[in-house]
Structure formats: structure tokens, C-alpha cells
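Here is the structure we will look at.
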Amino acid sequence: KGNGMIGNIYSMGLALQALEATRKFYAPRKWDCAQAFSVVAAHDYQQPMAIAQVLPALVGKSYLDVAGLDCTATKDMSPNRQLPLSPVLGTHGIPRAPIQVHYSITNTLQGKHFHYSTTVTVPSGSTLLQVMEVAAEENPQTFSFQTEQTSWGAYVTSIHGLAASTEDRTYWQFLSAGDALEEGEGGPREVWWGSPCPSLTHPSAAGVGTYKPHAGEHIQAIFSTY
């Protein structure tokens, strides 16, 4: 893309690694990575898998360089003991103010169509997954959902008994007041959530474990196709 984005923000890590590892094949034209790196540097990554893919590229390395590492050379540099972790000053024990988040689920794609809405109260800073859990606790017959653990976090596979399917190319897409979501704090951004292939297309419904809705935000889960 013209702004330096390669696919989306979650495909940038592996894309930068691949381009860096194969840059000699682009000679005599050099690959100018400054714009792509500026996109990565400006993003606040939250998911460990995304961070693990971006970090090697930021130091000019790729996963291929692991085979050439000499771990014995740095063995004596490791600390003999682990230092105790210091508590974060000023945050321990401080209660979080409650906020209200609007949450709805919609299916107009398969079987019997449905649309349900609710408003839940959660502590500020709660993740979207926690919002969904509260909704399911208060009304399990309507807002029950299932997840499976992936390297990208808890992935939402089913809501209200309606499961995503790779055969039908269906998934649960999460929006904020009609706009796409991105990990981190609440607010509409660029990336769609829900795709079953986070590393290649979108960051997937695994993002529910990192996205933090703000007070009064309307989160929509819409059964969609890709």
C-alpha cells in the first residue's frame, strides 16, 4: 500500500522479515524499508505473537537467523539468579471505575436470523473478552460463546450456537458502531477482526483478549463471510 502497509498491521512482521532476508535478490534496486518500519514503530502492539514477529525485523534479522546463533557464547552472560520483580508504584489496589458497554450480536447470513443487544457493566480497562463473558453470565441462553486457544490468543469460534466455518468461509467479525476494530484501547481504526487466518489476512477474533472498549462504546459481533 502507498502508506507503507504490507497487507495489514498484523502481517507486517513476517513480511518485513521475508523482505529483509531476501533483499539481496532485489539488487541493484534496494528495498526502501523506512516507510514500512515507520508504520510498525507507530503501532502499539499488544498480542505476544505479533510482537514476536515484529521484533526480529526491527533488528534486521529473521527467524532464519536462529539457526546460526551461538548460544554458548552468551551462556556466561546470563544472571545466576532472578531478581525480584518490583511492584508498579501508584497502581496496586486502586479500584477501577465501572463503565457501561453496549454489545450486540447479529446474524443475517445463515439459518434463522437473529439480532440481540445488551448493556453490561465492567471495570474500566476490561477487555472485549471480559465484556462478552459478563454478557454470557447475565444471559447465557442468548450471549453464550465458545473460544479456542491459538497463538494469537483466545479465538471466538461460536456465538449463540452459530459457529464459524472454513468450508462456508464464515467468521464472527467485531465492529465498533459499524467501524472496524484494532487491538488496544477503544476506538475505530483500520483492521477488521474475525478472520480465521490472522497472520495472513486480519488479526482475527483472537483480538477480543486485547481490545479494551471505552465507556458507552457499542461493540457489534456480526456473522460474516470472507
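Read-outs: derived from the displayed coordinates by stated rules, not from any lab. What you see is a predicted model, and the numbers here were worked out from it, not measured in a lab. Note that we place each Cβ from the backbone using ideal geometry, even for glycine, and neighbour counts take in every protein chain shown.
Let me know the shape class of region 11-66, please: from the alpha-carbon gyration tensor, a ≥ b ≥ c as square roots of the eigenvalues, rounded when a/c is under 1.5, otherwise prolate if a/b is greater than b/c, or oblate. Spell out each step's value before the answer.
Numbers: a/c = 2.90, a/b = 1.49, b/c = 1.94.
It comes out oblate by the Cα gyration axes.
What residues qualify as long-range amide H neighbours of Thr147, i.e. H under 5 Å apart, gap of 5 or more or another chain, H built at 1.01 Å from N?
Residues meeting the criterion, in which the H sits 1.01 Å from N, are Thr157.
Given a Förster radius of 30 Å and the C-beta distance between Asp65 and Asp44 as r, what FRET efficiency does 1/(1 + (r/R0)^6) yield to the nearest 0.05?
Given R0 = 30 Å and the Cβ-Cβ separation, E is 0.70.
Kindly state, to the nearest 0.05, the FRET efficiency for Thr166 paired with Ile94, given R0 = 35 Å and r defined as their beta-carbon distance.
Using R0 = 35 Å, I get an efficiency of 0.20.
Return the FRET efficiency for the residue pair His115, Thr150: r is the Cβ-Cβ distance, R0 is 35 Å, and the value is rounded to the nearest 0.05.
After rounding to 0.05, the efficiency reads 0.80.
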